[in-house]
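See structure below.
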Amino acid sequence: MRGARFLSLHMMASVLALAAISACAQVAGPAVRHADHPSADLPARAQSLYVNGSGGDRLAVDLYLPRHAANDRVPTLVVSSRYGRRGEVKAHFANEWTQRGYALVVFDSVGSGVSSGVRDAELSDTEIADVGAISRWAASQSWSNGAVVLMGLSYSADAADLGTTLGEPAIRAAIVRSAESDPYRHLFFPGGVANAMMRDLWGSAVAGRDRSVACIADAAACAGMIHIGPVDGDARFVEARTALRDHLANARLDIDLLGVTYADDALPGRSFSIAGMGTAARVAAVRAAGVPAQVWGSWLDAGTAQSALERFALSKGVPVEVSITAASHGAYAGADPFKPQPQQPVPSVPRQFALLADFADRALAGAATRSIRYAVLGSDVWRRTEVWPPTGVEPHRLYLGENDLRDEAHASEITVSYKVDFNATTGAANRWTANTGVIPDYAGWPHKDASLARFTSAPFTQDFELAGAPRIALTLSSTHEDGAVFAYLAVQRPDGRLIYLTEGMLRVLHRRVREEGGALERSFRRADVQPMVPGEMAHVVFDAFPVAARIAAGDRLVLLLAGADRETFARYPTTGDPIWTLDVGGADASFIDIPLRPWLSGAAGETQGL
C-alpha cells in the first residue's frame, strides 16, 4: 500500500503561497496572508550522518541531543521530512524538546533532501518502512532508552501516522499535526472533485526541489538551498549531489493525478492507487499496533478536522487524543471566520508545545486516553467529548424553498433553475489554500461577480451549537451528464454580514451512495459510477465537512449552491454551461440536515481556550 499527502510545511509554504497568490491575483477579496512558524533558535546538532534505510538507500539524518549525564538514556522523537530536514526541524520545537530531555532525529525521506533513492510515489511502502528503520536505529543508540515517539506536521505528519501501522516495538506514540488519513477524500479529490490547485502547485514545487538541477550543475549553488543539508564531512556537496542525481527519476504527482478520476484508479504505470494512501486504508494495522496518537486538525484547514475525527473513530480502543482548532495549517495563526484578522492562534504556540509534550510524557508512561477537544467557532469556548457528534446533537431538517430554508416543505411540487456560473470562487485564502501556508479568510466571500443559488432560513430564536457534518440532499436534474455541486453553509448576522461555516462538494457521477447507521457510504470507485441522465431528476446526497459553531439568537443560516470553485477545483463538465433544475416542493423536496443542540453555557466539557 502507498500513501500520499503533500502539504506545506514552514519551508514549502512560501513557495506555494506565492504561486497561489499569483494564480488568484485577479480575484477580489481580502489580502492573502501567510502563516509562518515563529522563528526560534535551534539546538546544536550533535551529528549529521547517513543511515541505511529499509531498502538500502542512504538516508540523511540529523541528531539533536538534550543535555544529560553520560549514563542517562532518553526517549527519541523521529521526524521523516519530505522537504529537507534543515528546514523541517524549525517547525518542531527543537529547543523545547531537547530542554525537556528528548533526543530529536530528523531525516530526509527516500529520494528527497540529500537522501539517495528514487521516489515511485509519495508515502510509498519504502518511505514508511524507512520510518521503522530509523526508529530501530535510534532505539539502538547508546543515548536512547529504546522508546520512540513519531512526530510530524503536514506531510511529515502523514508519515508519522502511517508509521503507527508498522508494529515496530520501539514506536510507542505519535504526534500527528495537520494530516489527512485519506488523501483522496480529504485533500486531492474531496467529493471526487479534483483539487487542481493543490495538485499543480504542490506537484510542480516539490518536483523542482527534488531535482535541484542548479546544485547538480554547480556545487556553489547548493549552499543557498535550505533543503540541501550536507551530512558531516560533505562540505563540498559530493554525496549530496550524488543523491540529487537519483531524484531526477522521481515520480511527479502533478502529472500522475491528471490520470485519476476514481479512488481505485492506479497511478499511471503502477499497480497502486491513492485509495490506499493513508491510515484510513490500514484500519486493521492501526488497531493491531495500538500506538497512542495525538491528532490535530482545524475546521478551516482542508479536510484535517474530518481526518482527525475519522482517525479517532477507526482506532476503536486505541488511545487517540484529538484537538481541533479554528486556526491555520499548523495552528500558527487564528482563523475563526467570526472574528476579524489578524488573530492569534488558540491555543497559543507555546501552549501548543506544552500540550504536545504532556501527551508524549503520558503516552510513554502508558497514560494516554481517548478524547476529542474542539473549538467552537463564534465563541471562546472549547469542549471535550468522547463521542462524535457530541451527546445531544440531533439533525434539524430545513427544506429548500424558492429562495428560503423552511421547517416544512412546500406541499406542491415547485422547481427552481440555476445556470452554473463558472466564475464562482472561494478566492485565494480558503480552506484549501490554507494547506499552502495561506491563512484562511472568507471576509470577501462570496464574490459579487459570481452567481450562486441562495437559500436563507428564518432567524433563530435561541442560541444553538452546531456540531457535526451538515447533510445536503438535493433532488435535481441537469442538462449535462457530468458536473460538480458545491454547497456552502454560512451564518447571516442580524446586520446582514455573511460568515462562512463549512462546505461540501460532490462530482455528480459519484452520486451512488448507501446509508449505514446514519453515515453515508460512498466508494468513489469506477464500478459505482453513475452519470446524470440529462433532464432526469436524481438524488444527489453528500455531507459537508464537519464543523462546530455557535448560532446565536437572531442569526440565520444560509445555504449557497454553486457548480464551480474556479481558483481551486477542476471544471466539470470541461465544456458547456449546465442548467440545474432543483425540486423544492412536494415529496422529493431538497433539504439540508443541520446537526444542532441547544447552547448551554458552562456545560460539561466547556473550557476557555485549551
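Miscellaneous remarks
- If you go through region 567-589 and keep only what is in a loop (DSSP other than H, G, I, E, B) and touching a His at 6+ places or on another chain (Cβ under 9 Å), you end up with Y572, P573, G576, D577, P578, V584, G586, D588, A589.
- For region 506-549, a residue qualifies if it is open to solvent by less than 70 Å² (accessible area, probe 1.4 Å) and charged (D, E, K, R), and the qualifying residues are R507, R511, R522, D528, D543.
- Search result, residues across region 500-542 that are among the hydroxyl-bearing types (S, T, Y) and in a loop (DSSP other than H, G, I, E, B): S523
- Total residues in region 516-545, condition within 21 Å of P578 (Cβ to Cβ) and among the charged types (D, E, K, R): 1
- Residue within region 410-430 that is open to solvent by 40 Å² or more (accessible area, probe 1.4 Å) and without any contact (Cβ under 8 Å) to a residue 12 or more places away in the chain present: no
- Subset of region 384-409 (residues that are open to solvent by less than 90 Å² (accessible area, probe 1.4 Å) and either in a loop (DSSP other than H, G, I, E, B) or hydrophobic (A, V, I, L, M, F, W, C) (or both)): V387, W388, P389, P390, G392, V393, L398, L400, G401, L405, A409
- Hey, V78 at pLDDT 95 or above and over 22 Å from the mean Cα position of the chain (by Cα) or not: no
- Checking every residue in region 208-229 against the condition of being touching a residue at least 60 places away in the same chain (Cβ under 8 Å), part of a helix (DSSP H, G or I) and within 22 Å of D120 (Cβ to Cβ) gives at least one match.
- Of the candidates G117, G87, G111, G132, the single residue that is open to solvent by less than 10 Å² (accessible area, probe 1.4 Å) and in contact with a Lys or Arg (Cβ under 6 Å, 6 or more places away or on another chain) is G111.
- Candidate set: region 487-503, residues that are touching a residue at least 40 places away in the same chain (Cβ under 8 Å) and surrounded by fewer than 22 Cβ atoms within 10 Å (Cβ to Cβ); chosen: the one farthest from V387 (Cα to Cα): P494
- Residues within region 518-555 that are under 14 Å from I594 (Cβ atoms) and among the charged types (D, E, K, R), tallied: 3
- Enumeration of residues in region 100-120 that are under 25 Å from the mean Cα position of the chain (by Cα) and part of a loop (DSSP other than H, G, I, E, B): S109, V110, G111, S112, G113, R119, D120
- Among (1) in a loop (DSSP other than H, G, I, E, B); (2) in contact with a Phe, Trp or Tyr (Cβ under 9 Å, 6 or more places away or on another chain), the one test that I134 misses: (1)
- All conditions in (1) closer than 24 Å to V148 by Cα; (2) more than 19 Å from the chain's Cα centre (by Cα); (3) surrounded by fewer than 20 Cβ atoms within 10 Å (Cβ to Cβ) hold for Q343, with the sole exception of (1).
- Given (1) open to solvent by 10 Å² or more (accessible area, probe 1.4 Å); (2) over 22 Å from the mean Cα position of the chain (by Cα); (3) charged (D, E, K, R), number of the condition D555 does not satisfy: (1)
- Count of region 362-383 residues which are surrounded by fewer than 17 Cβ atoms within 10 Å (Cβ to Cβ) and over 17 Å from S315 (Cα atoms): 2
- Subset tally (residues that are outside any loop (DSSP other than H, G, I, E, B) and either among the charged types (D, E, K, R) or farther than 23 Å from S307 by Cα (or both)) for region 242-278: 11
- Among the residues making up region 191-242, a single one is among the polar types (S, T, N, Q), closer than 30 Å to D482 by Cβ and crowded, with 20+ Cβ neighbours inside 10 Å: N195.
- Some residue of region 307-319 being outside any loop (DSSP other than H, G, I, E, B), of a type in the set (G, A, S) and touching a helix residue (DSSP H, G or I) at 6+ places or on another chain (Cβ under 8 Å): yes
- Tally, over region 66-84, of residues that are crowded, with 21+ Cβ neighbours inside 10 Å and aliphatic (A, V, I, L, M): 3
- I594 passes every criterion in (1) in a loop (DSSP other than H, G, I, E, B); (2) farther than 20 Å from A484 by Cβ; (3) open to solvent by less than 30 Å² (accessible area, probe 1.4 Å) apart from (1).
- Looking only at residues in region 243-276 that are modelled with pLDDT under 90 and of a type in the set (S, T, Y), the one that is surrounded by the most Cβ atoms within 10 Å (Cβ to Cβ) is S273.
- Verdict on A564 being out of contact with any helix residue (DSSP H, G or I) (no Cβ under 8 Å at 6 or more places or on another chain), of a type in the set (A, V, I, L, M, F, W, C) and either open to solvent by 20 Å² or more (accessible area, probe 1.4 Å) or not in a strand (DSSP E or B) (or both): yes
The values are calculated or read from the model by the stated rules, or taken from the named source; none is laboratory data. Not measured: the values here are computed from a predicted model. Virtual Cβ from ideal backbone geometry, glycine too; neighbours counted across all protein chains shown. Heads up: the accessible areas ignore ligands, DNA and RNA and are worked out on the full protein's heavy atoms, side chains in. Shrake-Rupley method; radii C 1.70, N 1.55, O 1.52, S 1.80 Å.
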